[in-house]
Amino acid sequence: MKYPFPTLTADEAAALINDKDTIGFGGFTAAGACKVIPPAIAVRAKAEHAAGRPFKLGVITGASTGKSLDGALAEAEAIAWRTPYQSDPTLRKSINEGKTQFFDLHLSAVQPAVRSGVLGKVNWAILEASHVTAQGEIVLTTAVGCANTFARVADKILIELNAHHPGDLMGFHDLFEPADPPRRRAIPVYAPTDRIGASFIKVNPAKIAGVVLTNCPDESGGFDAPDEVTNRIGANVAGFLANEIKVGRLPESFLPLQSGVGNIANAVIGALGSNPGIPPFMMYTEVLQDSVINLLQSGKCAFASSCSLTLSPDRLKEFYANLEYFRSRVVLRPQEISNSPEIVRRLGLITINTAIEVDLFGNVNSTHVMGRDLMNGIGGSGDFTRNAHVSIYTCPSVAKGGKISTIVPFVTHLDHSEHSVQVVVTEHGVADLRGKSPGERAALMIEKCVHPEYRDTLRAYLGASGKGHVQQTLHNAFGMHLAFLEQGDMRKVKWRE
Ligand code: 0RQ
(Lines give C-alpha, C1' and ligand atoms only; values in the text may rest on other atoms or scores of the structure.)
Protein backbone atom coordinates (compact mmCIF):
# COMPACT_ATOMS: atom_id res chain seq x y z
CA MET A 1 0.00 0.00 0.00
CA LYS A 2 1.22 3.53 -0.78
CA TYR A 3 1.13 5.60 2.40
CA PRO A 4 1.47 9.38 2.68
CA PHE A 5 3.75 8.69 5.67
CA PRO A 6 7.19 7.02 5.67
CA THR A 7 7.99 3.39 6.41
CA LEU A 8 10.79 3.48 8.97
CA THR A 9 13.13 1.03 10.62
CA ALA A 10 12.76 0.76 14.38
CA ASP A 11 16.05 2.65 14.79
CA GLU A 12 14.82 5.48 12.56
CA ALA A 13 11.63 5.67 14.61
CA ALA A 14 13.61 5.69 17.87
CA ALA A 15 15.81 8.52 16.56
CA LEU A 16 12.71 10.75 16.53
CA ILE A 17 12.24 10.43 20.30
CA ASN A 18 13.92 13.02 22.52
CA ASP A 19 14.95 13.23 26.15
CA LYS A 20 12.01 14.19 28.43
CA ASP A 21 9.39 13.24 25.84
CA THR A 22 6.21 11.69 27.17
CA ILE A 23 5.04 8.62 25.29
CA GLY A 24 1.61 7.00 25.43
CA PHE A 25 1.96 3.35 24.44
CA GLY A 26 -1.04 1.39 23.15
CA GLY A 27 -1.87 -2.13 24.31
CA PHE A 28 -3.02 -3.57 27.62
CA THR A 29 -0.94 -6.23 29.38
CA ALA A 30 1.49 -7.81 26.91
CA ALA A 31 -1.40 -7.97 24.44
CA GLY A 32 -1.04 -5.38 21.72
CA ALA A 33 2.07 -3.86 23.32
CA CYS A 34 4.77 -2.49 21.02
CA LYS A 35 7.70 -4.84 20.53
CA VAL A 36 10.33 -3.28 18.26
CA ILE A 37 10.34 0.50 18.73
CA PRO A 38 10.82 0.41 22.56
CA PRO A 39 13.96 -1.81 22.37
CA ALA A 40 15.35 0.56 19.73
CA ILE A 41 14.59 3.51 22.06
CA ALA A 42 16.41 1.60 24.81
CA VAL A 43 19.51 1.27 22.59
CA ARG A 44 19.32 5.00 21.88
CA ALA A 45 18.98 5.78 25.60
CA LYS A 46 22.07 3.71 26.40
CA ALA A 47 24.07 5.48 23.67
CA GLU A 48 22.96 8.89 24.96
CA HIS A 49 23.85 7.93 28.54
CA ALA A 50 27.27 6.65 27.36
CA ALA A 51 27.87 10.01 25.65
CA GLY A 52 27.08 11.76 28.95
CA ARG A 53 23.73 13.10 27.82
CA PRO A 54 20.45 12.67 29.71
CA PHE A 55 17.72 10.55 28.13
CA LYS A 56 14.69 9.71 30.21
CA LEU A 57 11.06 9.52 29.23
CA GLY A 58 7.63 9.79 30.74
CA VAL A 59 5.81 6.54 29.99
CA ILE A 60 2.04 6.11 30.09
CA THR A 61 0.60 2.75 29.14
CA GLY A 62 -2.72 0.97 29.28
CA ALA A 63 -1.55 -1.50 31.92
CA SER A 64 1.43 -3.85 32.09
CA THR A 65 3.30 -4.47 28.82
CA GLY A 66 5.73 -7.03 27.45
CA LYS A 67 9.41 -7.43 28.27
CA SER A 68 10.39 -5.56 25.07
CA LEU A 69 8.66 -2.45 26.35
CA ASP A 70 8.84 -1.97 30.13
CA GLY A 71 11.68 -4.48 30.47
CA ALA A 72 13.90 -3.00 27.75
CA LEU A 73 13.28 0.64 28.75
CA ALA A 74 13.80 -0.05 32.47
CA GLU A 75 17.00 -1.98 31.78
CA ALA A 76 18.28 1.05 29.81
CA GLU A 77 17.30 3.35 32.71
CA ALA A 78 15.21 5.28 30.21
CA ILE A 79 12.01 5.77 32.26
CA ALA A 80 11.85 8.90 34.42
CA TRP A 81 8.23 8.33 35.41
CA ARG A 82 5.65 5.70 34.69
CA THR A 83 1.93 5.14 35.18
CA PRO A 84 -0.25 2.97 35.60
CA TYR A 85 -0.02 -0.85 36.40
CA GLN A 86 3.20 -2.71 35.51
CA SER A 87 4.46 -6.21 36.13
CA ASP A 88 8.00 -6.27 34.76
CA PRO A 89 10.69 -7.45 37.23
CA THR A 90 13.35 -4.95 36.06
CA LEU A 91 10.93 -2.02 36.16
CA ARG A 92 9.57 -3.15 39.53
CA LYS A 93 13.11 -3.17 40.94
CA SER A 94 13.81 0.28 39.53
CA ILE A 95 10.59 1.60 41.09
CA ASN A 96 11.29 -0.01 44.46
CA GLU A 97 14.84 1.40 44.44
CA GLY A 98 13.40 4.88 43.82
CA LYS A 99 15.07 5.21 40.40
CA THR A 100 11.77 5.38 38.47
CA GLN A 101 8.97 7.56 39.77
CA PHE A 102 5.79 5.51 39.62
CA PHE A 103 2.31 6.67 40.47
CA ASP A 104 -0.64 4.37 40.29
CA LEU A 105 -3.99 5.16 38.73
CA HIS A 106 -7.22 3.20 38.51
CA LEU A 107 -7.14 1.98 34.92
CA SER A 108 -10.45 3.65 34.11
CA ALA A 109 -8.92 6.96 35.23
CA VAL A 110 -5.94 7.03 32.85
CA GLN A 111 -7.69 8.35 29.74
CA PRO A 112 -9.56 11.09 31.66
CA ALA A 113 -6.26 12.07 33.34
CA VAL A 114 -4.51 12.29 29.96
CA ARG A 115 -7.32 14.40 28.51
CA SER A 116 -7.41 16.74 31.49
CA GLY A 117 -3.73 17.55 31.08
CA VAL A 118 -2.69 16.55 34.61
CA LEU A 119 -0.07 14.19 33.15
CA GLY A 120 1.35 16.96 30.94
CA LYS A 121 1.69 16.99 27.18
CA VAL A 122 1.79 13.63 25.39
CA ASN A 123 4.42 14.01 22.67
CA TRP A 124 4.08 10.59 21.10
CA ALA A 125 1.49 7.87 20.71
CA ILE A 126 3.24 4.61 19.82
CA LEU A 127 0.72 1.96 18.85
CA GLU A 128 0.62 -1.55 17.47
CA ALA A 129 -1.79 -1.97 14.54
CA SER A 130 -3.00 -4.81 12.34
CA HIS A 131 -4.01 -2.48 9.53
CA VAL A 132 -3.43 1.17 8.59
CA THR A 133 -4.85 3.11 5.66
CA ALA A 134 -3.50 6.13 3.81
CA GLN A 135 -6.47 8.06 5.22
CA GLY A 136 -5.18 7.56 8.78
CA GLU A 137 -7.50 4.72 9.82
CA ILE A 138 -5.78 2.46 12.33
CA VAL A 139 -7.10 -1.01 13.25
CA LEU A 140 -5.61 -2.17 16.55
CA THR A 141 -4.53 -5.72 17.46
CA THR A 142 -5.16 -7.78 20.62
CA ALA A 143 -5.91 -4.86 22.95
CA VAL A 144 -7.11 -1.27 23.08
CA GLY A 145 -5.89 0.17 26.39
CA CYS A 146 -5.72 3.97 25.97
CA ALA A 147 -4.72 3.84 22.28
CA ASN A 148 -7.64 5.91 20.98
CA THR A 149 -6.99 8.74 23.44
CA PHE A 150 -3.20 8.70 22.96
CA ALA A 151 -3.68 8.85 19.17
CA ARG A 152 -5.98 11.85 19.48
CA VAL A 153 -4.04 13.94 22.00
CA ALA A 154 -0.43 13.17 21.03
CA ASP A 155 1.53 15.52 18.79
CA LYS A 156 2.77 12.65 16.62
CA ILE A 157 2.09 8.96 16.12
CA LEU A 158 4.38 6.02 15.39
CA ILE A 159 2.85 2.70 14.40
CA GLU A 160 4.19 -0.84 14.56
CA LEU A 161 2.26 -2.58 11.80
CA ASN A 162 2.47 -6.19 12.93
CA ALA A 163 1.90 -8.86 10.28
CA HIS A 164 1.75 -11.54 12.98
CA HIS A 165 -1.88 -10.52 13.56
CA PRO A 166 -4.42 -11.25 10.83
CA GLY A 167 -5.32 -8.24 8.69
CA ASP A 168 -9.04 -8.77 9.25
CA LEU A 169 -9.34 -7.87 12.94
CA MET A 170 -11.65 -5.03 11.89
CA GLY A 171 -14.85 -5.29 13.94
CA PHE A 172 -13.33 -6.70 17.14
CA HIS A 173 -12.73 -3.24 18.60
CA ASP A 174 -15.41 -0.83 19.80
CA LEU A 175 -13.84 2.59 20.34
CA PHE A 176 -15.77 5.21 22.24
CA GLU A 177 -14.42 8.27 24.01
CA PRO A 178 -16.89 10.07 26.30
CA ALA A 179 -17.03 13.83 26.60
CA ASP A 180 -15.52 15.21 29.80
CA PRO A 181 -17.49 17.00 32.52
CA PRO A 182 -19.56 19.16 32.44
CA ARG A 183 -20.67 17.82 29.04
CA ARG A 184 -20.53 14.15 29.96
CA ARG A 185 -23.56 11.99 29.14
CA ALA A 186 -24.32 8.38 30.03
CA ILE A 187 -22.02 5.84 28.39
CA PRO A 188 -24.70 3.83 26.54
CA VAL A 189 -23.59 0.27 27.37
CA TYR A 190 -26.65 -1.50 28.81
CA ALA A 191 -25.50 -5.06 28.12
CA PRO A 192 -22.01 -6.57 27.61
CA THR A 193 -22.91 -7.10 23.93
CA ASP A 194 -23.71 -3.42 23.20
CA ARG A 195 -21.49 -1.74 20.63
CA ILE A 196 -21.31 2.01 20.93
CA GLY A 197 -18.30 3.20 18.93
CA ALA A 198 -16.01 2.86 15.93
CA SER A 199 -13.98 -0.18 14.90
CA PHE A 200 -10.87 1.81 14.07
CA ILE A 201 -9.05 4.94 15.21
CA LYS A 202 -9.18 7.81 12.73
CA VAL A 203 -6.38 10.37 12.80
CA ASN A 204 -5.10 13.05 10.49
CA PRO A 205 -2.54 11.11 8.41
CA ALA A 206 -0.18 14.08 8.71
CA LYS A 207 0.20 13.18 12.41
CA ILE A 208 1.64 9.76 11.58
CA ALA A 209 5.42 10.19 11.68
CA GLY A 210 6.04 6.70 10.36
CA VAL A 211 5.12 3.05 10.24
CA VAL A 212 7.51 0.27 11.27
CA LEU A 213 6.73 -3.14 9.71
CA THR A 214 7.02 -6.04 12.14
CA ASN A 215 6.09 -9.67 12.53
CA CYS A 216 6.24 -10.56 16.24
CA PRO A 217 3.95 -12.53 18.56
CA ASP A 218 2.58 -10.96 21.75
CA GLU A 219 4.86 -11.58 24.71
CA SER A 220 2.11 -12.99 26.95
CA GLY A 221 3.40 -15.93 28.98
CA GLY A 222 1.40 -19.09 29.43
CA PHE A 223 -0.32 -20.19 32.63
CA ASP A 224 0.72 -22.71 35.26
CA ALA A 225 -1.55 -25.73 35.29
CA PRO A 226 -4.04 -25.27 38.15
CA ASP A 227 -2.73 -26.88 41.36
CA GLU A 228 -4.60 -28.15 44.39
CA VAL A 229 -4.78 -24.71 46.01
CA THR A 230 -5.96 -22.80 42.94
CA ASN A 231 -8.45 -25.59 42.14
CA ARG A 232 -9.90 -25.39 45.64
CA ILE A 233 -10.15 -21.61 45.47
CA GLY A 234 -11.90 -21.92 42.09
CA ALA A 235 -14.30 -24.55 43.39
CA ASN A 236 -15.07 -22.42 46.48
CA VAL A 237 -15.90 -19.36 44.35
CA ALA A 238 -18.06 -21.43 41.98
CA GLY A 239 -19.84 -23.16 44.90
CA PHE A 240 -20.52 -19.82 46.58
CA LEU A 241 -22.00 -18.27 43.43
CA ALA A 242 -24.06 -21.36 42.58
CA ASN A 243 -25.54 -21.23 46.08
CA GLU A 244 -26.29 -17.50 45.74
CA ILE A 245 -28.41 -18.36 42.69
CA LYS A 246 -30.06 -21.28 44.51
CA VAL A 247 -31.11 -19.18 47.49
CA GLY A 248 -32.32 -16.35 45.24
CA ARG A 249 -29.76 -13.66 46.08
CA LEU A 250 -28.54 -13.72 42.47
CA PRO A 251 -30.91 -13.93 39.49
CA GLU A 252 -31.28 -17.34 37.84
CA SER A 253 -30.02 -15.78 34.62
CA PHE A 254 -26.89 -14.81 36.62
CA LEU A 255 -24.94 -11.55 36.19
CA PRO A 256 -21.90 -10.68 34.05
CA LEU A 257 -18.49 -11.52 35.48
CA GLN A 258 -15.20 -9.67 35.78
CA SER A 259 -12.09 -11.59 36.64
CA GLY A 260 -8.51 -10.43 37.25
CA VAL A 261 -5.19 -11.69 35.90
CA GLY A 262 -2.98 -14.60 36.90
CA ASN A 263 -3.16 -18.29 37.64
CA ILE A 264 -5.82 -18.03 40.35
CA ALA A 265 -8.13 -15.99 38.13
CA ASN A 266 -7.61 -18.45 35.30
CA ALA A 267 -8.45 -21.39 37.60
CA VAL A 268 -11.54 -19.62 39.03
CA ILE A 269 -13.00 -19.05 35.57
CA GLY A 270 -12.27 -22.68 34.70
CA ALA A 271 -14.12 -23.81 37.86
CA LEU A 272 -17.14 -21.62 37.07
CA GLY A 273 -17.25 -23.29 33.68
CA SER A 274 -17.48 -26.77 35.13
CA ASN A 275 -19.99 -26.05 37.94
CA PRO A 276 -23.47 -27.22 36.80
CA GLY A 277 -25.11 -24.73 39.21
CA ILE A 278 -23.77 -21.79 37.17
CA PRO A 279 -25.77 -21.05 34.00
CA PRO A 280 -24.12 -19.80 30.79
CA PHE A 281 -22.86 -16.29 31.48
CA MET A 282 -21.30 -13.21 29.89
CA MET A 283 -18.10 -11.49 30.87
CA TYR A 284 -17.61 -7.74 31.17
CA THR A 285 -13.96 -7.57 32.08
CA GLU A 286 -10.59 -6.08 31.21
CA VAL A 287 -8.46 -9.16 30.48
CA LEU A 288 -9.52 -12.33 28.65
CA GLN A 289 -7.29 -15.21 29.64
CA ASP A 290 -7.03 -18.73 28.24
CA SER A 291 -9.81 -20.28 30.33
CA VAL A 292 -12.42 -17.88 28.90
CA ILE A 293 -11.58 -19.03 25.39
CA ASN A 294 -12.43 -22.62 26.38
CA LEU A 295 -15.76 -21.42 27.79
CA LEU A 296 -16.54 -19.33 24.71
CA GLN A 297 -15.92 -22.44 22.62
CA SER A 298 -18.13 -24.64 24.81
CA GLY A 299 -20.89 -22.02 24.95
CA LYS A 300 -20.72 -21.73 28.78
CA CYS A 301 -19.55 -18.15 28.22
CA ALA A 302 -21.92 -16.63 25.70
CA PHE A 303 -20.10 -13.33 25.14
CA ALA A 304 -17.01 -11.55 26.42
CA SER A 305 -16.38 -7.81 26.50
CA SER A 306 -12.79 -6.99 27.42
CA CYS A 307 -9.95 -4.53 26.93
CA SER A 308 -7.44 -7.18 25.85
CA LEU A 309 -6.98 -10.73 24.67
CA THR A 310 -4.18 -11.81 26.98
CA LEU A 311 -3.78 -15.33 25.66
CA SER A 312 -0.89 -17.75 25.69
CA PRO A 313 0.67 -18.03 22.21
CA ASP A 314 -1.08 -21.35 21.45
CA ARG A 315 -4.52 -20.09 22.49
CA LEU A 316 -4.09 -16.92 20.42
CA LYS A 317 -3.22 -19.09 17.40
CA GLU A 318 -6.42 -21.04 17.98
CA PHE A 319 -8.38 -17.80 18.33
CA TYR A 320 -7.01 -16.55 15.02
CA ALA A 321 -7.73 -19.89 13.35
CA ASN A 322 -11.40 -19.50 14.39
CA LEU A 323 -11.72 -15.75 13.92
CA GLU A 324 -15.23 -15.90 12.45
CA TYR A 325 -16.53 -17.92 15.42
CA PHE A 326 -15.21 -15.35 17.88
CA ARG A 327 -16.17 -12.25 15.87
CA SER A 328 -19.75 -12.26 17.20
CA ARG A 329 -18.67 -13.31 20.70
CA VAL A 330 -15.84 -10.93 21.64
CA VAL A 331 -15.48 -7.16 21.74
CA LEU A 332 -12.43 -5.15 22.81
CA ARG A 333 -13.01 -1.72 24.36
CA PRO A 334 -10.88 1.18 25.64
CA GLN A 335 -10.09 0.79 29.35
CA GLU A 336 -12.22 3.75 30.42
CA ILE A 337 -15.17 1.78 29.00
CA SER A 338 -14.18 -1.79 29.96
CA ASN A 339 -13.52 -0.55 33.51
CA SER A 340 -16.09 2.22 33.69
CA PRO A 341 -17.50 2.49 37.23
CA GLU A 342 -20.78 3.68 35.70
CA ILE A 343 -21.11 0.54 33.56
CA VAL A 344 -19.86 -1.83 36.27
CA ARG A 345 -22.59 -0.55 38.58
CA ARG A 346 -25.28 -0.57 35.87
CA LEU A 347 -24.56 -4.12 34.68
CA GLY A 348 -24.32 -5.41 38.26
CA LEU A 349 -21.03 -7.20 37.81
CA ILE A 350 -19.75 -10.04 39.94
CA THR A 351 -16.08 -9.14 40.31
CA ILE A 352 -13.31 -11.56 41.25
CA ASN A 353 -9.83 -10.24 41.98
CA THR A 354 -6.74 -11.44 43.83
CA ALA A 355 -5.31 -9.93 47.00
CA ILE A 356 -1.77 -9.88 48.35
CA GLU A 357 -3.20 -9.71 51.87
CA VAL A 358 -6.58 -9.23 53.49
CA ASP A 359 -7.18 -8.24 57.08
CA LEU A 360 -9.61 -9.76 59.52
CA PHE A 361 -12.07 -6.95 58.86
CA GLY A 362 -12.08 -7.17 55.05
CA ASN A 363 -9.59 -4.49 54.01
CA VAL A 364 -7.50 -5.58 51.02
CA ASN A 365 -3.93 -4.86 49.98
CA SER A 366 -3.48 -5.64 46.26
CA THR A 367 -0.27 -3.79 45.57
CA HIS A 368 2.48 -3.53 48.21
CA VAL A 369 4.38 -6.37 49.88
CA MET A 370 4.95 -5.64 53.58
CA GLY A 371 3.47 -2.21 52.92
CA ARG A 372 6.61 -1.11 51.09
CA ASP A 373 7.51 -2.83 47.86
CA LEU A 374 5.28 -2.42 44.84
CA MET A 375 4.22 -5.69 43.25
CA ASN A 376 2.25 -4.63 40.14
CA GLY A 377 -0.28 -1.92 40.87
CA ILE A 378 -3.98 -1.52 41.52
CA GLY A 379 -4.87 -2.21 37.89
CA GLY A 380 -8.60 -2.43 37.39
CA SER A 381 -9.30 -4.03 40.75
CA GLY A 382 -10.50 -0.74 42.29
CA ASP A 383 -12.68 0.16 39.31
CA PHE A 384 -14.50 -3.15 39.65
CA THR A 385 -14.52 -3.78 43.41
CA ARG A 386 -15.97 -0.45 44.48
CA ASN A 387 -18.84 -0.67 41.99
CA ALA A 388 -19.57 -4.40 41.95
CA HIS A 389 -22.90 -6.06 42.66
CA VAL A 390 -20.87 -8.74 44.43
CA SER A 391 -17.14 -8.12 44.98
CA ILE A 392 -15.02 -11.19 45.70
CA TYR A 393 -11.35 -11.39 46.68
CA THR A 394 -9.39 -14.61 46.37
CA CYS A 395 -5.93 -15.56 47.62
CA PRO A 396 -4.11 -18.63 48.91
CA SER A 397 -4.23 -18.56 52.74
CA VAL A 398 -0.44 -18.56 52.99
CA ALA A 399 2.51 -17.39 50.89
CA LYS A 400 6.22 -18.26 50.91
CA GLY A 401 5.73 -21.84 52.03
CA GLY A 402 3.57 -20.89 55.02
CA LYS A 403 5.93 -18.26 56.45
CA ILE A 404 3.39 -15.57 55.55
CA SER A 405 -0.31 -15.66 56.37
CA THR A 406 -2.19 -13.67 53.76
CA ILE A 407 -4.88 -13.00 56.37
CA VAL A 408 -3.45 -10.53 58.86
CA PRO A 409 -4.72 -8.31 61.67
CA PHE A 410 -4.30 -5.11 59.66
CA VAL A 411 -3.27 -4.63 56.02
CA THR A 412 0.06 -2.83 55.57
CA HIS A 413 -1.26 -0.94 52.53
CA LEU A 414 -4.89 -0.26 51.73
CA ASP A 415 -6.27 -0.54 48.21
CA HIS A 416 -9.85 -1.72 48.81
CA SER A 417 -11.58 -0.90 52.04
CA GLU A 418 -13.91 -3.05 54.14
CA HIS A 419 -16.76 -0.97 52.71
CA SER A 420 -16.20 -2.31 49.19
CA VAL A 421 -14.97 -5.85 49.84
CA GLN A 422 -17.87 -8.26 50.28
CA VAL A 423 -16.59 -11.83 50.05
CA VAL A 424 -13.16 -13.36 50.71
CA VAL A 425 -12.21 -16.81 49.43
CA THR A 426 -9.17 -18.96 50.15
CA GLU A 427 -8.57 -22.66 49.56
CA HIS A 428 -10.12 -23.27 53.02
CA GLY A 429 -13.47 -21.63 52.43
CA VAL A 430 -15.62 -18.57 51.85
CA ALA A 431 -16.11 -15.67 54.26
CA ASP A 432 -19.25 -13.81 53.21
CA LEU A 433 -18.71 -10.52 55.01
CA ARG A 434 -21.92 -8.86 53.86
CA GLY A 435 -24.12 -7.60 56.65
CA LYS A 436 -21.53 -8.45 59.32
CA SER A 437 -20.03 -6.20 61.99
CA PRO A 438 -16.22 -5.99 62.31
CA GLY A 439 -16.23 -8.55 65.16
CA GLU A 440 -18.42 -10.97 63.20
CA ARG A 441 -16.24 -10.50 60.12
CA ALA A 442 -13.07 -11.32 62.06
CA ALA A 443 -14.58 -14.50 63.52
CA LEU A 444 -15.77 -15.60 60.07
CA MET A 445 -12.41 -14.89 58.44
CA ILE A 446 -10.62 -17.02 61.03
CA GLU A 447 -13.09 -19.86 60.76
CA LYS A 448 -13.44 -19.94 56.96
CA CYS A 449 -10.33 -18.46 55.34
CA VAL A 450 -7.29 -18.52 57.66
CA HIS A 451 -4.81 -21.38 57.33
CA PRO A 452 -5.21 -23.80 60.30
CA GLU A 453 -1.65 -23.01 61.44
CA TYR A 454 -2.56 -19.36 61.98
CA ARG A 455 -6.05 -19.67 63.45
CA ASP A 456 -5.02 -19.70 67.13
CA THR A 457 -2.53 -16.86 66.54
CA LEU A 458 -5.25 -14.67 65.07
CA ARG A 459 -7.79 -15.65 67.74
CA ALA A 460 -5.18 -14.64 70.31
CA TYR A 461 -4.73 -11.31 68.52
CA LEU A 462 -8.43 -10.58 68.87
CA GLY A 463 -8.36 -11.78 72.46
CA ALA A 464 -5.53 -9.40 73.34
CA SER A 465 -7.30 -6.53 71.64
CA GLY A 466 -8.64 -3.57 73.50
CA LYS A 467 -12.31 -2.71 73.29
CA GLY A 468 -13.82 -0.79 70.40
CA HIS A 469 -15.92 -1.23 67.30
CA VAL A 470 -12.93 -2.67 65.41
CA GLN A 471 -10.86 -5.00 67.57
CA GLN A 472 -7.44 -3.58 66.71
CA THR A 473 -4.52 -3.21 69.07
CA LEU A 474 -2.24 -0.66 67.48
CA HIS A 475 0.98 -1.93 69.09
CA ASN A 476 0.28 -5.46 67.81
CA ALA A 477 -1.40 -4.68 64.50
CA PHE A 478 1.75 -5.29 62.42
CA GLY A 479 3.25 -7.86 64.79
CA MET A 480 2.99 -10.70 62.25
CA HIS A 481 4.70 -8.59 59.57
CA LEU A 482 7.47 -7.63 61.99
CA ALA A 483 7.95 -11.29 62.92
CA PHE A 484 8.42 -12.09 59.23
CA LEU A 485 10.79 -9.16 58.60
CA GLU A 486 12.88 -9.80 61.73
CA GLN A 487 12.67 -13.58 62.12
CA GLY A 488 11.63 -14.77 58.65
CA ASP A 489 8.32 -16.32 59.76
CA MET A 490 4.98 -14.84 60.83
CA ARG A 491 4.37 -17.90 63.02
CA LYS A 492 7.01 -16.55 65.44
CA VAL A 493 4.88 -13.58 66.43
CA LYS A 494 4.44 -12.89 70.17
CA TRP A 495 1.54 -10.60 71.02
CA ARG A 496 2.35 -7.87 73.55
CA GLU A 497 -0.05 -7.37 76.46
O1 0RQ B 1 5.60 -14.27 44.56
O2 0RQ B 1 6.16 -15.47 42.51
O3 0RQ B 1 7.94 -14.63 44.05
O4 0RQ B 1 6.48 -16.54 44.75
O5 0RQ B 1 3.22 -12.51 45.26
O6 0RQ B 1 1.35 -14.19 44.00
O7 0RQ B 1 -0.12 -16.10 44.54
O8 0RQ B 1 1.26 -16.15 42.39
O9 0RQ B 1 -0.75 -14.62 42.69
O10 0RQ B 1 0.10 -14.06 40.34
O11 0RQ B 1 -2.34 -13.99 41.01
O12 0RQ B 1 -0.72 -12.26 41.84
C13 0RQ B 1 -2.23 -9.59 43.92
C14 0RQ B 1 0.01 -9.64 42.85
C15 0RQ B 1 -1.44 -11.69 42.89
C16 0RQ B 1 -2.06 -9.75 41.39
C17 0RQ B 1 -1.42 -10.15 42.78
C18 0RQ B 1 3.71 -13.21 46.41
C19 0RQ B 1 3.69 -14.66 45.99
C20 0RQ B 1 4.19 -14.54 44.56
C21 0RQ B 1 2.28 -13.46 43.25
P22 0RQ B 1 6.63 -15.31 43.92
P23 0RQ B 1 0.47 -15.37 43.39
P24 0RQ B 1 -0.93 -13.78 41.36
C25 0RQ B 1 -6.93 -7.24 36.76
C26 0RQ B 1 -7.12 -6.78 38.17
C27 0RQ B 1 -3.64 -6.25 41.59
C28 0RQ B 1 -4.29 -5.74 40.34
C29 0RQ B 1 -5.54 -6.42 39.97
C30 0RQ B 1 -2.19 -8.24 41.23
C31 0RQ B 1 3.55 -13.24 44.08
O32 0RQ B 1 -3.32 -10.33 41.27
O33 0RQ B 1 -1.26 -7.58 40.84
O34 0RQ B 1 -6.17 -7.11 40.74
N35 0RQ B 1 -3.38 -7.68 41.58
N36 0RQ B 1 -5.95 -6.19 38.74
O37 0RQ B 1 4.51 -15.45 46.80
C38 0RQ B 1 4.39 -11.42 50.35
C39 0RQ B 1 2.12 -11.69 50.73
C40 0RQ B 1 2.01 -12.28 49.44
C41 0RQ B 1 3.17 -12.38 48.67
C42 0RQ B 1 1.48 -13.18 47.55
N43 0RQ B 1 1.05 -11.55 51.52
N44 0RQ B 1 3.32 -11.27 51.14
N45 0RQ B 1 4.36 -11.95 49.12
N46 0RQ B 1 2.80 -12.94 47.52
N47 0RQ B 1 0.98 -12.79 48.73
C48 0RQ B 1 -5.62 -7.05 36.06
C49 0RQ B 1 -5.30 -5.68 35.58
O50 0RQ B 1 -5.69 -4.76 36.16
C51 0RQ B 1 -4.46 -5.51 34.37
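The values are calculated or read from the model by the stated rules, or taken from the named source; none is laboratory data. These figures come from a predicted structure and were not determined experimentally. Please note: Cβ atoms are built from the backbone with ideal geometry, for glycine as well, and neighbour counts cover all protein chains shown.
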*Out of all the residues in segment 420-450, which are assigned to a loop (DSSP other than H, G, I, E, B) and at positive phi?*
GLY435
*Residues in segment 387-405: is at least one over 30 Å from GLY468 (Cβ atoms) and surrounded by 24 or more Cβ atoms within 10 Å (Cβ to Cβ)?*
no
*How about segment 189-238: which of its residues are under 14 Å from ARG333 (Cα atoms) and aliphatic (A, V, I, L, M)?*
VAL189, ALA191, ILE196, ALA198, ILE201
*Consider only pairs whose beta carbons are under 6 Å apart and that are at least six residues apart or on different chains; among these, list those whose first residue lies in segment 126-153 and is closer than 23 Å to LEU311 by Cβ and whose second residue is acidic (Asp, Glu).*
GLU128/GLU160; THR141/GLU128; THR142/ASP218; ASN148/GLU177
*Looking at this structure, is ILE126 assigned to a strand (DSSP E or B) and either out of contact with any Pro (no Cβ under 8 Å at 6 or more places or on another chain) or assigned by TED's automatic domain parsing to the domain that holds LEU309 (or both)?*
no
*When you scan segment 339-419 for strands (runs of 3 or more DSSP E) that lie fully inside it, which ones turn up with 2 or more residues that are over 27 Å from ALA304 (Cα atoms), at pLDDT 95 or above and not assigned by TED's automatic domain parsing to the domain that holds PRO89?*
357-359
_One residue is enough: does segment 312-322 have a residue meeting the conditions outside any loop (DSSP other than H, G, I, E, B) and among the polar types (S, T, N, Q)?_
no
*Return the residue satisfying two criteria in turn: it lies in segment 474-497 and is farther than 17 Å from VAL369 by Cα and assigned to a loop (DSSP other than H, G, I, E, B), and of such residues it is modelled with the lowest pLDDT.*
GLU497
_Please determine whether any residue of segment 101-108 is acidic (Asp, Glu), within 16 Å of the ligand (Cβ to nearest atom) and modelled with pLDDT of 95 or more._
yes
*Within the set of pairs 6+ apart or on separate chains, which have a first residue in segment 241-268 that is within 16 Å of ASN353 (Cβ to Cβ), a second that is modelled with pLDDT under 95 and assigned to a loop (DSSP other than H, G, I, E, B), and C-beta atoms under 6 Å apart?*
ASN263/PHE223; ASN263/ASP224; ASN266/PHE223; ASN266/GLN289; ALA267/PRO226
*What do you reckon, is PRO84 closer than 24 Å to ASP218 by Cβ and in contact (Cβ under 8 Å) with a residue 24 or more places away in the chain?*
yes
*Any chance HIS164 is within 30 Å of PHE5 (Cα to Cα), within 23 Å of the chain's Cα centre (by Cα) and not assigned by TED's automatic domain parsing to the domain that holds ASN339*: no
*asked:* Against the definition (near the ligand (Cβ under 9 Å from one of its atoms), modelled with pLDDT of 95 or more and more than 17 Å from the chain's Cα centre (by Cα)), how does VAL330 come out, yes or no?
replied: no
*Quick one: in segment 18-73, which of the residues that are farther than 26 Å from ASN215 by Cβ and among the acidic types (Asp, Glu) is surrounded by the most Cβ atoms within 10 Å (Cβ to Cβ)?*
ASP21
_GLU497 vs. criteria loosely packed, with under 15 Cβ neighbours inside 10 Å and acidic (Asp, Glu)_ = yes
*asked:* If the requirement is being touching a Leu at 6+ places or on another chain (Cβ under 9 Å) and within 22 Å of ILE269 (Cβ to Cβ), which of these qualifies: VAL344, VAL450, VAL424, VAL408?
replied: VAL424
